[in-house]
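Structure, as structure tokens:
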Amino acid sequence: MRWLNRSQPQTLFSAVLLSYFSAVLLLFGTRIDSQLARDIFEGVVSLFASDRTATDLGDSIIPPAVTFLLAGAYVAGGFGTANERRWGHRLCSAAAVYAAIATLWWGARTSFELGVTMRLMFDALLLVLLYHPMSRSHRRVWFT
């Protein structure tokens, strides 16, 4: 078991590094701007529930839990990808897609500030690295 695999193509190796880096940025960013995490969570919940329910849930422990789950998905996905496991690649991809959609939603609700744009760029870069043709061909041959 290894955290990094230098024998993988450069795109997959970079994706693993970026997934770990995204988890750290997510945790530090949420620690610095907890209101942003709460607002994103309230908005996602309000798509499926009433505004009152979203506000009630936003004041609970759920937004930090969602943040920790997403950071855990980034780390576990990176670890699985480094060990050439298909579940790791899927988990990392799902975390990046969720983060990109949540960031896009947040940016559409507010203005696209520098922080939101940077988060979106990191999420998009991770998706590009995971689905680059070199990554796809390596995944098709070596991942179990």
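Some observations on this one:
- Environment charge at A99 (Cβ cut-off 11 Å; Lys +1, Arg +1, Asp -1, Glu -1): 0
- Here the spin labels are modelled as points 7 Å beyond Cα on the Cα-Cβ line, and at V97 and A124 they lie 1.9 nm apart.
- Whole-Hz couplings from phi, Karplus 6.51/-1.76/1.60, listed for segment 77-82; x for Gly and Pro: x, x, 5, x, 5, 5
- Site pair A65 and A108 shows an inter-label distance of 2.7 nm when each label is modelled 7 Å from Cα along Cα→Cβ.
No value in this document is a laboratory result; all are computed from the given coordinates. Computed from a predicted structure; not experimentally measured. Neighbour counts are summed over all protein chains in view; Cβ atoms, including those assigned to glycine, are modelled from backbone coordinates with ideal geometry.
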